[in-house]
Amino acid sequence: MTPHTPSHTAQLAAFAAGLRFEDIPAPVVRKAEDLLVDWFGSAVAGHGTRPVESITRFAQAMGSAQGPSEVIINGARTTPYLAAMANAAASHVAEQDDVHNGSVFHPATVVFPPAVAVAQALGASGQQLLTASVVGYEVGIRVGEFLGRSHYRVFHTTGTAGTLAAAAAVGHLLGLNAQQMQHALGSAGTQSAGLWEFLRTAADSKQLHTAHAAAAGLMSAYLAQDGFTGAADILEGPQGMAAGMSSDADPSRLVDGLGTRWATAETSFKYHASCRHTHPAADALLHVMRTNGLQLNDLAQVVTHVHQGAIDVLGPVVQPTTVHQSKFSMGTVLALVAQHGHAGLTEFDRDFLSPTTQTLRDKVTMALDAEVDGAYPQRWIGKVTVTTTDGRELHGRVDEPKGDPGNTLSRQEITDKALRLAAFSGGATPEAMRQSVDALWQVATWPLVGHLLVR
């Protein structure tokens, strides 16, 4: 890079500041709409969950009971900062929010909460909301890819890269110029946080990660608008994020195809209500069972052939003690899938510690697989070896789990999923949720972004 070439961070900031709705290809706009509706279902699903209610109580205690922005789980109104915090916590707890494979990053839960809250405060249009959200996805995904696999072994990328994604989305809504956007990214990056240690004791930290990322990113953008400066090279600098959080950072990923490669469109939906690392193996097990007509009592042993990231995240969860922790147990997820054909919220709540589930759980092991690990994170291949009680060895494989771009959810499936999530949590009546979702599908035509949930 010559002295006259802008840094990767500067190029990323310029893209984030300058993107227009007209620049976004129509299929990417449609995908952004899909992602918004999918996220909304997950946000409503946070209603009534203990960690989300705790963060929401804190947010409401810290701010005005009157404000322009909506707290989705209870309909309260408050400041954009506090609404973003509460809604980001809510939309990550059901483990049904989206994921980008290559960055191992959940964009929706840190992009839409601050973007919606600020759009409501500013009186922005639906097109402005969609554009800002695409900015957040494109920036956050590239930062996650930049930080690499070594980062994810210790850090929850949604909490770290998510802070910059939130800052970019809000910064775009605020109309920051390229220099201000770079300052916003600098302030966001210095606040990036989120460690996987919480999994060992079933702590509530995962919801705190997203709440903090959304709120800190929003604050960073507003501060930049006010002239507050941030590190110019927070990503690649000698004491920046890569230096402290990664050993395999790839700076080229930060600007990979800016304006031509739309990472937003690469984002996957979640079909099972569990950590995405379990989905490929779950789908592969379903394939084996359906192909061979297997029942529960036919399963003697299941070996899942996985990438190292799955072992890093799921390995600490041996005997889950809470519903949320069980979603990070490969054995529990496969046991539920084997019983019910899917692992949804109802199945987790009812059966995650049932005797049948625990028996099946203990028959499942993970093994590092060179092919699967080599393809990850760009591709999440599912492979299982099943030993049956009558001595057969059967093999299953899926190359694109349900929800991936090549095996995606239809708009009807996204709608149905959102309605199921609302019904499970009791966060909205069936009629209110249907009206809300029907309206959200028309977001690009909205002159103003108002409250999302009909009440």
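Among the protein heavy atoms of the range 124-204, carbon and sulfur supply 48% of the accessible surface, probe 1.4 Å, non-protein parts ignored.
Taking amide H as placed 1.01 Å from N in the peptide plane, the amide H of G403 sits under 5 Å from that of T408, L409, each at least 5 places away or on another chain.
Residue order by solvent-accessible surface for F58, F352, F424 is F58, F424, F352, largest first, with ligands and nucleic acids left out and a 1.4 Å probe. Largest accessible area first, the residues E347, E413, E22 order themselves as E22, E413, E347 under a 1.4 Å probe with ligands, DNA and RNA left out.
In order along the range 144-153, the phi-based Karplus estimate (6.51 cos²θ - 1.76 cosθ + 1.60, θ = phi - 60°) of 3J(HN,Hα) comes to x, 5, 4, 5, x, 5, 5, 4, 5, 4 Hz; Gly and Pro are listed as x. Once the C-beta distance of D23 and T322 is scaled by a Förster radius of 45 Å, the resulting FRET efficiency is 0.50 to the nearest 0.05. Compute the Cα gyration tensor for the range 169-299, then decide on rounded, prolate or oblate, letting a ≥ b ≥ c be the square roots of its eigenvalues: rounded whenever a/c is under 1.5, prolate when a/b is larger than b/c in the other cases, and oblate in all that remain. It is prolate, given that a/c is not under 1.5 and a/b is the larger ratio. Taking all Cα pairs closer than 8 Å and separated by 6 or more residues, the relative contact order of the chain comes to 21 percent. Between the helical axis of 26-45 and the dominant principal axis of the chain, each derived from Cα atoms, what acute angle in degrees is found, rounded to the nearest 10? Around 70 degrees separate the two axes.
Between the beta carbons of N292 and L353, assuming R0 = 30 Å, the FRET efficiency works out to 0.60 to the nearest 0.05. With 24 Å as the limit, the listed pairs K31/K402; K363/K383; K206/K270; K327/K363 all fall inside it between alpha carbons.
A Förster distance of 30 Å, applied to the separation of the beta-carbon atoms of T190 and Q378, puts the FRET efficiency at 0.55.
Using the 1.4 Å probe convention, the accessible area of the chain works out to 36 Å² per residue with neighbouring protein chains retained.
Karplus-derived 3J(HN,Hα) values for the range 56-72, using 6.51 cos²θ - 1.76 cosθ + 1.60 with θ = phi - 60°, are 5, 4, 4, 4, 6, 6, 8, x, 5, 7, 10, x, x, 10, 8, 8, 5 Hz; glycine and proline are entered as x.
For the chain, take the longest principal axis of its alpha carbons; what is the angle in degrees between that and the long axis of helix 330-340, to the nearest 10 within 0 to 90? Approximately 70 degrees, to the nearest ten. How far is it, in nm, from the label point at A202 to the one at R30 when both lie 7 Å from their Cα along the line to the Cβ? Distance between the two pseudo-spin positions: 4.4 nm. Here the gap between D248 and T445, fully extended at 0.36 nm per residue and compared with their Cα-Cα distance, gives a gain of 66.6 nm.
The Cα atoms of the range 88-151 give a gyration tensor whose axes a ≥ b ≥ c have a/c of 1.5 or more with a/b no greater than b/c, which makes the shape oblate.
Accessible area of the range 1-81 with a 1.4 Å probe: how many percent of it is carbon plus sulfur? The computed percentage sits at 58. Taking the Cα centre of the chain as origin and assigning +1 to Lys and Arg Cβ atoms and -1 to Asp and Glu Cβ atoms, the resulting dipole is close to 560 debye. Taking every DSSP helix (H) stretch of at least 4 residues in the chain, weighting each as -39,500 (n - 2.57) and dividing the sum by the residue count yields a mean residue ellipticity at 222 nm of -16500 deg cm²/dmol. Candidates P447, T385, I73 compared by Cα position along the dipole of the chain: farthest toward the positive end lies I73, with charges placed on Cβ. Rounded, prolate or oblate, given the Cα gyration tensor of the range 72-189, with a/c below 1.5 counting as rounded? Oblate, since a/c reaches 1.5 and b/c is not below a/b.
The values are calculated or read from the model by the stated rules, or taken from the named source; none is laboratory data. This one's a predicted model, so the numbers in the text were calculated from it and none came from an experiment. In this analysis, Cβ positions are derived from the backbone assuming ideal geometry, glycine residues included, and neighbour counts consider all displayed protein chains. The area values use the complete protein model at the heavy-atom level, side chains included, leaving out ligands, DNA and RNA. Shrake-Rupley method; radii C 1.70, N 1.55, O 1.52, S 1.80 Å.
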